[in-house]
Amino acid sequence: MVLHKFGDKLYSGLVTTTTSHLKEISKSIEDAQGGLFLEELHRKWDDHNKALQMIRDILMYVEKTYIPSTHKTPIHELGMNLWRDNIIHSGKIQTRLLNTLLELVLKERTGEVINRGLMRNIIKMLMDLGSSVYQGDFERPFLEVSAEFYRGESQKFIECCDCGDYLKKAERRLNEEMERVRHYLDAQSETKITNVVEKEMIANHMGRLIQMENSGLVNMLLDNKCEDLGRMYVLFGRVQDGLLKMTSHIRETGKQLFTDPARVEDPVEFVQRLLDEKDKYDNIITSSFNNDKTFQNALNSAFEDFINLNAVDEKLRKGLKGVRKVTYLDKRIREACGVYLLWGWGNTFPFERSLLHFPRRLKWRNSGMQLDTCFMPEISAPGFYERIPLPRKAFRDARWKPTTRESGTEVDQIAVV
């Protein structure tokens, strides 16, 4: 027919015949009841694809010569378009199909078992018909319904759960949605649906979760709940400014260490508390925050307010007063200076000033003792003087020299050359 110039008639006849056949198929699908609806749709879709393949084989010459020369739609694409227009966008099928798919997703979210294989086949059919069909006929409504679902569920959970339990539920929902994508949704839907869960279950409730009474961030830190802290770190890291809110809250609550007089009356206890806090947060960074350097730097920055260097300087001097054993003093100086060095705070000027006056303040009898090698090996570490250059001369030139008095332990002098 193409050779005899009847190509147009053949092509238009193909469109007419296929359309008529699909209308009959549409009625058959519409008549399917209950759970048979998707099964009938999938069965007819498979039959349609097989028929299209046979038609392409029969009309191979039309496919290779007539269609390119006339710029007609290729036979396979034509069959997809006709299925979309006559089946998927049929008035009685389109809404029913969407509602059925969304109902199955809801059942799965509430713990029921569904036929994931059938869901995968139907979703793949929509994807094969084109991204516009998948997105318009399923994905956008799916995301809207999901946002409404998680908005209501998050409000319910936030009212009845403590922070740790809520975070577990949010984590479980995120994992479920990612698993759902792997089983039967388009891979490109993963980012979209996880963003919905993150917004509704995490971003919208960050402030309340952090400040939740008896179970929020402060209580997790005080009770060393490393698992819950790790979960909060991961979940809050998924949303914008999540980690910033955590560190800001730590900065504000950390000031309580100085505003509570009962905690700072004893300078020695004060310094020891700082050392204990350092060990605690070092452990949290390692076990809960996966040694994340970015978060570690943020936490260190937050503690610039938590540790007032001038206050520590004053309490350190008071805390060392009256100590009589060199071994204990050696340990105390190492630990106390470690508060400054190992936490890596940027504001070093008060520390430099303290180091310059350390030799004069300590006034201890121990002939020939050199501070930078005996008391603080950290000072000899590579790069220390590049970070804190000011105390170099004070520590390298300081020597412990006994006074001429042979008895008493009060006033021994340090000579600074």
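Residues to consider are Ile87, Ile58, Ile123, Ile93; find the one that is surrounded by 13 or more Cβ atoms within 10 Å (Cβ to Cβ), β-branched (Val, Ile, Thr) and within 29 Å of Lys9 (Cβ to Cβ).
Within the list Ile87, Ile58, Ile123, Ile93, the selection yields Ile87.
Taking Lys315 as meeting all but one of (1) at pLDDT below 65; (2) surrounded by fewer than 18 Cβ atoms within 10 Å (Cβ to Cβ), write down the number of the exception.
(2)
Mind listing just one residue for me: the one in the stretch 203-248 that is of a type in the set (D, E, K, R), over 26 Å from Lys278 (Cβ atoms) and without any contact (Cβ under 8 Å) to a residue 40 or more places away in the chain and, of those, surrounded by the fewest Cβ atoms within 10 Å (Cβ to Cβ)?
Glu213
Within the stretch 133-160, how many residues turn out to be surrounded by 18 or more Cβ atoms within 10 Å (Cβ to Cβ) and either small (Gly, Ala, Ser) or not in a helix (DSSP H, G or I) (or both)?
Count: 2.
Any residue that is free of Cβ contacts under 8 Å to residues at least 40 places away in the same chain and over 21 Å from the mean Cα position of the chain (by Cα) - is there at least one of those in the stretch 166-174?
No.
If a residue must be hydrophobic (A, V, I, L, M, F, W, C) and over 19 Å from Thr100 (Cβ atoms), how many such residues does the stretch 34-55 contain?
Total meeting the criteria: 4.
Here is a yes/no grid of residues against (1) closer than 23 Å to Gly237 by Cα; (2) of a type outside the set (Asp, Glu); (3) without any contact (Cβ under 8 Å) to a residue 12 or more places away in the chain:
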{"position": "Lys107", "(1), (2), (3)": "no, yes, yes"}
{"position": "Thr110", "(1), (2), (3)": "no, yes, yes"}
{"position": "Met119", "(1), (2), (3)": "no, yes, no"}
{"position": "Leu129", "(1), (2), (3)": "no, yes, no"}
{"position": "Glu139", "(1), (2), (3)": "no, no, no"}
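Is at least one residue of the stretch 51-63 more than 18 Å from Asn121 (Cβ to Cβ), out of contact with any His (no Cβ under 7 Å at 6 or more places or on another chain), of a type in the set (D, E, K, R) and assigned by TED's automatic domain parsing to the domain that holds Val113?
Yes, the conditions are met somewhere in the stretch 51-63.
The values are calculated or read from the model by the stated rules, or taken from the named source; none is laboratory data. Please read all numbers here as calculations on a predicted model, not as lab measurements. Neighbour counts run over all protein chains shown; Cβ positions are idealised from the backbone, glycine included.
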